[in-house]
Amino acid sequence: MKMLMILFISLVLFFANAPSYGASLYEGKTITIIVGYKPGGGYDRYARLIGKHLPKYIPGKPGVIIQNMPGASSVIAANHVFSIAKPDGLTIGTFNNATVIAQLIKVEGVRFDLTKFAWLGSAASDAVILSVRSDLPYRTADDLRKAKQFVIGTTGPGSSTHDFPAILGEFGGFDFKLVPGYSSSADVMLALERKEVDGRAGSYDSIKPFIDRGLVRPVIRNRTSAPGIEKLPVDENLATTQQGKLIMAVNAVPTQIYRPYVAPPATAKDALKILRDAFANVLKDKDLLAEAEKGKMTIDYVPPDDALKVVAEVLGQPPDVVKVLAKHIKFGE
Amino acid sequence: MLNAFIDGLFVVFQWNTFLMMLLGIFLGFWVGLLPGLGGTTTLALMLPFIYQMTPVEAFAFLLGMHSVVSTTGDITSILFGIPGEGTTAATILDGHAMAKKGEAGRALGAALMSSLVGALIGAFALALAIPVVRPLVLSFGAPELFMLAIVGIAFISSLSGQGGRALLRGILAGLLGLLFALVGQDPQAGVLRFTFGQLYLWSGLDLIPVLVGVFAIPEIIDLAVRGTSIAGELPRENLGRGVWVGVKDTFVHFGLTVRCSLAGTFIGIMPGLGGGVAQWIAYGQAVQSARTNEERAGFGKGDIRGVLGPGAANNSKEGGSLIPTIAFGVPGSSSMAILLGAFFLLGIMPGPDMLDKHLVLTFSMVWTMVVANIITVVISLFFLNYLAKLTLIRGTVLIPFILFFSFIGAYTSNNHLGDLLVLVAFGFLGYLMIRCGWPRAPLVLGFVLGRIAENNFYISTIRYGPSWTLRPLVLVLIALSVIVLFFPFMRFKGRPLAGGNVQ
């Protein structure tokens, strides 16, 4: 009898201890994070890191699985989360930050509206920089202005390696010669090493190891800053026309929501609240931060409202501006 | 240098490192066997597990897995005609033909032994190359890479079969392959080519559905039509006993095995050429080793050399592809890109330091590849005889399984219905080609080299203008491609030289 008593009390205590709010919502369920790329890339690594720690912050401790849905630079995944995934709080999507550009310039095949997603926010921001081979005499933007036919290797239009220097050259008074066609940004790095090209633009995160190694030095950045490059000149301040400045500002938007996370439109309110809180909290998680640090992944939480605001601002541009933008900013890998 | 070389070996044999390697081998074994479940994807999925490991353990685990994938991938290619990995498709041509003749055991033995030789040569080439790695890799710019692709394309003349008519067909198939490589968003202007409004086609056709379609589907149809087992109604004595014959074959044709291993290593070293290329170049070399017309005609119908060449090259290239990754921090293939992520996770900065400060670690990676392959091959040799018996199972029983794995394999490349449509379309094409007597190898060669050739041609021209054609290495490679192209005609005098203009 005494044994039964103890058992009873411990059972009561056990259930009383479990959080009641929302527990039933996610108890025994599985959340799917849809990634717009194949396994192994940056988007995938962020999703796996977040997915690993997310259950801790959701009452009921649901399982989390990662589903890779590559293709069309994430447009397939974004379309899926927008119109096929159920808004029951069990699907999260993360895809190419430049999908906002795709929607803006009306890329064929886009069937989503980014302003209608239920945003969780962004897990990071990342500066785009232009870096120059260290053995060249160009240290500042002014030095670079004097250079003739400065060769920049790129992976092609639609990537920050290409669009950033293309716009900078056109509206900043630089004489850049762009060489697109490298199959990855790593290939451009190798071309730098064998002096086939003089400079490379792109994500600060990915260039940083080569700056540390002394192969290149950063010279110009976009409006998104990062520790260590705060003092670099910002491209918008180098623009010679007002129009150029605007184009640069719009082109910088994807870098502010570098790792966007959304739920399907009209996701159930209670579920969305849980997901939003969990997303905000998981990015402060000590273990997650330690692992991110090890993997050289920047974590920099952007709240959902801020992310949505940036997106809405870009998408609200008048049609004549969009026309000009579409000429200079492309969408691709 | 020598100390580090030996220390690297001892490090691999520390019990915890060794255990990690065994675990990696076990995983890699299955990943290689199962078509579709590719080495690259598995590497990506395994990354989170290395957080708690030391660098040596982590690389023993990852490389142990990675380096046996091509070895066991050959087994699937030979037994069922499905490429177990994207890098083991060339083994099918003669390997599966041998299985159909009831010589599965011999083909398996040869594939495994040549894989081992290839892995050893690749690893030691890597070790020897360490002092000269940087200048070697840096001397190959975009123009040279373009010319390497052209040398590869020139091998079409060897992969086409004999006679003017066969050559013409080979060239046309190669051009068709180049055309398929154009599908998707082009990297120069961002234009969508041949995508027909399909989002799926933006990133181009994936290698796996194309390969599985072209090679596996026709075999499945053939098996269904014949209504027998893979080995047919042939006498069975050779089946199991052949393993040792195959092992010996590797040493009978040792020169070829070594040459193909070296070619594989070299292609691995060149960043951007990728693993799909090495096997075909090796197969082309194997065909060129034929001394008479009769010998040459035997290729594609089960010549052991057609197994040895690709078997060796797809393993030796792994040693080579580590080089740009560790020496420059620039990955040579997609699996190496993931490995680079592992370097960061472990707090190591790949680059010149790896050839200096971390030399022991670098050598431990070399040794891991060597030891992992030895273990795999020795273990596999014990039950190859049983595996060979799979070719005696009735086709009607086997077909559902092969079909299942073919479809799953294709589907895993993008998790998209489009993968299956591509598989079926290319399966149909492959079947048609066989029925009409067109060679499939040039098609695949054109497909894997198309992008590489196009991108590097574009970069060369825009960067250097026409002057790149006069760079010394480019001239050497032009000469080499001419030799490769006309080699078949120089060897067999008395054959008409019809349709010789490949480029």
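Working carefully through the options B:Leu19, B:Leu27, B:Leu47, B:Leu63, find the one that is closer than 28 Å to B:Gly276 by Cβ, free of Cβ contacts under 8 Å to residues at least 60 places away in the same chain, in a helix (DSSP H, G or I) and not hydroxyl-bearing (Ser, Thr, Tyr). Walk me through how you get there before you give the answer.
Numbers: B:Leu19 fails: closer than 28 Å to B:Gly276 by Cβ; B:Leu47 fails: free of Cβ contacts under 8 Å to residues at least 60 places away in the same chain; B:Leu63 fails: free of Cβ contacts under 8 Å to residues at least 60 places away in the same chain.
The unique qualifying residue is B:Leu27.
Return a yes/no flag: does segment A:195-217 have any residue that is farther than 10 Å from A:Ser131 by Cβ, in contact with a strand residue (DSSP E or B) (Cβ under 8 Å, 6 or more places away or on another chain) and surrounded by fewer than 17 Cβ atoms within 10 Å (Cβ to Cβ).
Taking every residue of segment A:195-217 in turn, at least one turns out to be farther than 10 Å from A:Ser131 by Cβ, in contact with a strand residue (DSSP E or B) (Cβ under 8 Å, 6 or more places away or on another chain) and surrounded by fewer than 17 Cβ atoms within 10 Å (Cβ to Cβ).
Within segment A:151-170, is there a residue that is in contact with a strand residue (DSSP E or B) (Cβ under 9 Å, 6 or more places away or on another chain), of a type outside the set (Asp, Glu), under 30 Å from A:Asp300 (Cα atoms) and part of a strand (DSSP E or B)?
Yes: one or more hits.
Take B:Lys317 and decide whether it is in contact with a helix residue (DSSP H, G or I) (Cβ under 8 Å, 6 or more places away or on another chain) and surrounded by fewer than 24 Cβ atoms within 10 Å (Cβ to Cβ). Outline the logic, then answer.
On the way: in contact with a helix residue (DSSP H, G or I) (Cβ under 8 Å, 6 or more places away or on another chain): yes; surrounded by fewer than 24 Cβ atoms within 10 Å (Cβ to Cβ): no.
Taking the combined requirement at face value, the residue does not satisfy it.
Do any helices (runs of 4 or more DSSP H) lying entirely in segment A:236-333 carry at least 1 residues that are more than 19 Å from A:Thr91 (Cα to Cα), and which ones are they? Before you say what the answer is, go through the steps one by one.
On the way: elements: A:242-256, A:269-282, A:286-294, A:304-315, A:319-328.
Counting at least 1 such residues, we get A:242-256, A:286-294, A:304-315, A:319-328.
Being buried (at least 24 other Cβ atoms within 10 Å of the Cβ), out of contact with any Gly (no Cβ under 9 Å at 6 or more places or on another chain), closer than 24 Å to B:Gln288 by Cα and in contact (Cβ under 8 Å) with a residue 60 or more places away in the chain is true for just one of B:Met98, B:Met147. Which residue is that?
Numbers: B:Met98 fails: out of contact with any Gly (no Cβ under 9 Å at 6 or more places or on another chain).
When all the criteria are applied, what remains is B:Met147.
Being within 22 Å of B:Ile379 (Cβ to Cβ), surrounded by fewer than 24 Cβ atoms within 10 Å (Cβ to Cβ) and either in contact with a Phe, Trp or Tyr (Cβ under 8 Å, 6 or more places away or on another chain) or away from chain A (no Cβ under 14 Å) (or both) is true for just one of B:Leu34, B:Leu63, B:Leu108, B:Leu112. Which residue is that?
Values: B:Leu63 fails: surrounded by fewer than 24 Cβ atoms within 10 Å (Cβ to Cβ); B:Leu108 fails: surrounded by fewer than 24 Cβ atoms within 10 Å (Cβ to Cβ); B:Leu112 fails: surrounded by fewer than 24 Cβ atoms within 10 Å (Cβ to Cβ).
Sole residue among the options that is within 22 Å of B:Ile379 (Cβ to Cβ), surrounded by fewer than 24 Cβ atoms within 10 Å (Cβ to Cβ) and either in contact with a Phe, Trp or Tyr (Cβ under 8 Å, 6 or more places away or on another chain) or away from chain A (no Cβ under 14 Å) (or both): B:Leu34.
Within segment B:246-264, can one find any residue that is in a loop (DSSP other than H, G, I, E, B) and either modelled with pLDDT of 85 or more or farther than 23 Å from B:Gly437 by Cα (or both)?
Residues of segment B:246-264 in a loop (DSSP other than H, G, I, E, B): B:253.
Okay, now just the ones that are also either modelled with pLDDT of 85 or more or farther than 23 Å from B:Gly437 by Cα (or both), so B:253.
Within segment B:246-264, one or more residues are in a loop (DSSP other than H, G, I, E, B) and either modelled with pLDDT of 85 or more or farther than 23 Å from B:Gly437 by Cα (or both).
Restricting to segment B:121-150, give me the number of residues that are among the β-branched types (Val, Ile, Thr), under 23 Å from B:Leu449 (Cβ atoms) and within 14 Å of chain A (Cβ to nearest Cβ).
We begin by selecting, within segment B:121-150, every residue among the β-branched types (Val, Ile, Thr); these are B:121, B:130, B:132-133, B:137, B:150.
In the following step, the residues that additionally are under 23 Å from B:Leu449 (Cβ atoms) were identified as B:137, B:150.
When the remaining residues are screened for being within 14 Å of chain A (Cβ to nearest Cβ), the result is B:137.
Of the residues in that region, 1 qualify.
Out of B:Val133, B:Val56, I need the residue that is more than 29 Å from B:Phe215 (Cα to Cα) and either in contact with a Pro (Cβ under 9 Å, 6 or more places away or on another chain) or hydroxyl-bearing (Ser, Thr, Tyr) (or both). Which one? Spell out how you get there, then give the answer.
Values: B:Val56 fails: either in contact with a Pro (Cβ under 9 Å, 6 or more places away or on another chain) or hydroxyl-bearing (Ser, Thr, Tyr) (or both).
That would be B:Val133, the only listed residue that is more than 29 Å from B:Phe215 (Cα to Cα) and either in contact with a Pro (Cβ under 9 Å, 6 or more places away or on another chain) or hydroxyl-bearing (Ser, Thr, Tyr) (or both).
Residues that are within 14 Å of another protein chain (Cβ to nearest Cβ), within 22 Å of B:Gly73 (Cβ to Cβ) and at pLDDT 80 or above: does segment B:304-316 have at least one? Write out each step before concluding.
We begin by selecting, within segment B:304-316, every residue within 14 Å of another protein chain (Cβ to nearest Cβ); these are none.
Scanning segment B:304-316 turns up no residue that is within 14 Å of another protein chain (Cβ to nearest Cβ), within 22 Å of B:Gly73 (Cβ to Cβ) and at pLDDT 80 or above.
Limited to segment A:41-72, what total is found for residues that are buried (at least 19 other Cβ atoms within 10 Å of the Cβ) and farther than 26 Å from A:Lys286 by Cβ?
The total comes to 5.
Can you find, within segment B:45-60, the residue that is nearest to B:Leu387 (Cα to Cα) among those that are away from chain A (no Cβ under 14 Å) and not small (Gly, Ala, Ser)?
First pass over segment B:45-60, keeping only residues away from chain A (no Cβ under 14 Å): B:56-57, B:59-60.
Adding the requirement that they be not small (Gly, Ala, Ser) leaves B:56-57, B:59.
On the way: B:Val56: 34, B:Glu57: 32, B:Phe59: 30 Å.
Only one residue tops the list, namely B:Phe59.
Do we find that A:Ala191 is within 10 Å of chain B (Cβ to nearest Cβ) and touching a Pro at 6+ places or on another chain (Cβ under 9 Å) in this structure? Steps first, answer last, please.
Details: within 10 Å of chain B (Cβ to nearest Cβ): yes; touching a Pro at 6+ places or on another chain (Cβ under 9 Å): no.
The answer is no for A:Ala191.
For residues that are part of a helix (DSSP H, G or I) and touching a Gly at 6+ places or on another chain (Cβ under 9 Å), scanning just segment B:280-292, find the one that is surrounded by the fewest Cβ atoms within 10 Å (Cβ to Cβ).
Among those that are part of a helix (DSSP H, G or I) and touching a Gly at 6+ places or on another chain (Cβ under 9 Å), it is B:Gln285.
Examine segment B:160-182 for a residue that is touching a Gly at 6+ places or on another chain (Cβ under 8 Å), within 14 Å of chain A (Cβ to nearest Cβ) and either in contact (Cβ under 8 Å) with a residue 12 or more places away in the chain or assigned to a helix (DSSP H, G or I) (or both), and state whether such a residue exists.
Yes, segment B:160-182 contains at least one residue that is touching a Gly at 6+ places or on another chain (Cβ under 8 Å), within 14 Å of chain A (Cβ to nearest Cβ) and either in contact (Cβ under 8 Å) with a residue 12 or more places away in the chain or assigned to a helix (DSSP H, G or I) (or both).
Given the conditions (1) more than 14 Å from chain B (Cβ to nearest Cβ); (2) in contact (Cβ under 8 Å) with a residue 60 or more places away in the chain; (3) more than 19 Å from A:Ile129 (Cα to Cα), report the number of the one that A:Leu288 does not fulfil.
(1)
Would you point out which residue out of B:Phe401, B:Phe405 is more than 14 Å from chain A (Cβ to nearest Cβ), without any contact (Cβ under 8 Å) to a residue 12 or more places away in the chain and within 27 Å of the chain's Cα centre (by Cα)? I'd like the intermediate steps shown before the answer.
Numbers: B:Phe405 fails: without any contact (Cβ under 8 Å) to a residue 12 or more places away in the chain.
Testing whether each residue is more than 14 Å from chain A (Cβ to nearest Cβ), without any contact (Cβ under 8 Å) to a residue 12 or more places away in the chain and within 27 Å of the chain's Cα centre (by Cα) leaves just B:Phe401.
Sort out which residues of segment B:279-297 are modelled with pLDDT of 85 or more, out of contact with any Leu (no Cβ under 9 Å at 6 or more places or on another chain) and farther than 17 Å from B:Gly84 by Cβ, and write them in order of number.
B:Gln288
Looking at the structure I just gave you, is A:Thr161 within 14 Å of chain B (Cβ to nearest Cβ), in contact with a helix residue (DSSP H, G or I) (Cβ under 9 Å, 6 or more places away or on another chain), in contact (Cβ under 8 Å) with a residue 40 or more places away in the chain and within 23 Å of B:Arg134 (Cα to Cα)? Give the derivation first.
Numbers: within 14 Å of chain B (Cβ to nearest Cβ): yes; in contact with a helix residue (DSSP H, G or I) (Cβ under 9 Å, 6 or more places away or on another chain): yes; in contact (Cβ under 8 Å) with a residue 40 or more places away in the chain: yes; within 23 Å of B:Arg134 (Cα to Cα): no.
Judged against the criteria, A:Thr161 is not a match.
If I go through segment B:428-468 residue by residue, how many of them are farther than 21 Å from B:Ile267 by Cα, assigned to a helix (DSSP H, G or I) and more than 12 Å from chain A (Cβ to nearest Cβ)?
Residues that pass the stated criteria total 10.
Can you name the condition, by its number, that B:Asn373 falls short on among (1) in a helix (DSSP H, G or I); (2) without any contact (Cβ under 8 Å) to a residue 24 or more places away in the chain; (3) out of contact with any Pro (no Cβ under 7 Å at 6 or more places or on another chain)?
Of the numbered conditions (1) in a helix (DSSP H, G or I); (2) without any contact (Cβ under 8 Å) to a residue 24 or more places away in the chain; (3) out of contact with any Pro (no Cβ under 7 Å at 6 or more places or on another chain), the odd one out for B:Asn373 is (2).
In segment B:193-203, what residues are more than 28 Å from the chain's Cα centre (by Cα) and within 8 Å of chain A (Cβ to nearest Cβ)? Write out each step before concluding.
Initial filter on segment B:193-203 (more than 28 Å from the chain's Cα centre (by Cα)): B:196-199.
Within segment B:193-203, B:Gly197, B:Leu199 qualify.
Hey, can you tell me all the residues within segment A:257-282 that are within 29 Å of A:Asp163 (Cβ to Cβ) and surrounded by fewer than 22 Cβ atoms within 10 Å (Cβ to Cβ)?
Once the filter is applied, which keeps residues that are within 29 Å of A:Asp163 (Cβ to Cβ) and surrounded by fewer than 22 Cβ atoms within 10 Å (Cβ to Cβ), segment A:257-282 yields only A:Pro265.
The values are calculated or read from the model by the stated rules, or taken from the named source; none is laboratory data. Quick caveat: nothing in here was measured; it's all calculated off a predicted structure. Using ideal geometry, Cβ is built from the backbone for each residue, glycine included, and neighbour counts are taken over all protein chains shown.
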